[in-house]
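Take a look at the structure below.
The values are calculated or read from the model by the stated rules, or taken from the named source; none is laboratory data. Keep in mind that this is a model prediction, so the values were computed, not measured. Here the Cβ is made from the backbone with ideal geometry for all residues, glycine too, and neighbour counts use every protein chain on show. Only protein heavy atoms, including side chains, enter the accessible area calculation; ligands, DNA and RNA are left aside. Shrake-Rupley method; radii C 1.70, N 1.55, O 1.52, S 1.80 Å.
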Amino acid sequence: MDLNRYADELQRQLATAAAAGGDDARELAARLTAPLDAAARLVLLSALSDAAGEISAELAPGSVDVRLRGGSPEFVVTAPAAQAGPAALAAPAAPATPAAPASAQVEAEAGATTRTTLRLPDHLKAQAELAAARDGVSVNTWLVRAVAAAVERPPGRAAEPAGSEQRANSRVTGWVR
């Protein structure tokens, strides 16, 4: 996405407003153009990031992320995984991500989202950031998926550590002293 046209339009509007104030105002506007250009780009990037976060909350478990490439923002859309049939379950093409519960999908489609402040210990936040980066999604999207997976777990069933299915089927033999 090219931000130049938005920054140029802001400069044009600043020049138009300054023209009404005379020569001193036009000169001041010309001196402010460069610093305001950088500030306007940062504000635009912030707005795009916030919009992507809100869209991701609506798309959960899908996501929209804003990434900077060569100084220009680009949107990366990760669509929610489609409901897979038995053939797809036998040979998954990509790592499985937990699907949002049907009730959460209905609420998300209805626009019912809530902003929540979550305080995490630094080491846990770092682990969540790494996991989100590994999955190619934002931390917000990763957390939404994790919460959706946790609330979908049957009552009374504890969370299983990663790889527990493999350990349950493995056999250990040997001597113990």
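Among the candidates Thr33, Thr117, single out the residue that is closer than 20 Å to Asn140 by Cβ and at pLDDT 80 or above.
Numbers: Thr33 fails: closer than 20 Å to Asn140 by Cβ.
Checking each option against the conditions leaves just Thr117.
Would it be correct to say that Glu9 is assigned to a helix (DSSP H, G or I), among the acidic types (Asp, Glu) and open to solvent by less than 80 Å² (accessible area, probe 1.4 Å)?
Numbers: assigned to a helix (DSSP H, G or I): yes; among the acidic types (Asp, Glu): yes; open to solvent by less than 80 Å² (accessible area, probe 1.4 Å): yes.
Yes: the conditions hold for Glu9.
All but one of (1) under 25 Å from Val144 (Cα atoms); (2) assigned to a helix (DSSP H, G or I) hold for Asp65; which doesn't?
Status for Asp65: all satisfied but (2).
So Glu54 clears everything in (1) open to solvent by 40 Å² or more (accessible area, probe 1.4 Å); (2) over 14 Å from the mean Cα position of the chain (by Cα); (3) modelled with pLDDT of 80 or more except one condition, right? Which one?
That leaves (2) as the condition not met.
Of the residues Leu48, Leu14, Leu44, which single one is open to solvent by less than 70 Å² (accessible area, probe 1.4 Å), modelled with pLDDT of 85 or more and closer than 30 Å to Ala150 by Cα? Break it down into steps so the answer makes sense when it comes.
On the way: Leu14 fails: closer than 30 Å to Ala150 by Cα; Leu44 fails: closer than 30 Å to Ala150 by Cα.
Sole residue among the options that is open to solvent by less than 70 Å² (accessible area, probe 1.4 Å), modelled with pLDDT of 85 or more and closer than 30 Å to Ala150 by Cα: Leu48.
Of all residues in segment 17-26, which are closer than 19 Å to Asp37 by Cβ and open to solvent by 100 Å² or more (accessible area, probe 1.4 Å)? Please lay out each step first, then the result.
If we filter segment 17-26 for residues that are closer than 19 Å to Asp37 by Cβ, which is where we start, we get 17-19, 25-26.
If the condition is that a residue be closer than 19 Å to Asp37 by Cβ and open to solvent by 100 Å² or more (accessible area, probe 1.4 Å), then Arg26 is the only one that fits.
Can you find a residue that is in contact with a helix residue (DSSP H, G or I) (Cβ under 9 Å, 6 or more places away or on another chain) and at pLDDT below 65 anywhere in segment 128-151?
For segment 128-151, residues in contact with a helix residue (DSSP H, G or I) (Cβ under 9 Å, 6 or more places away or on another chain) and at pLDDT below 65: absent.
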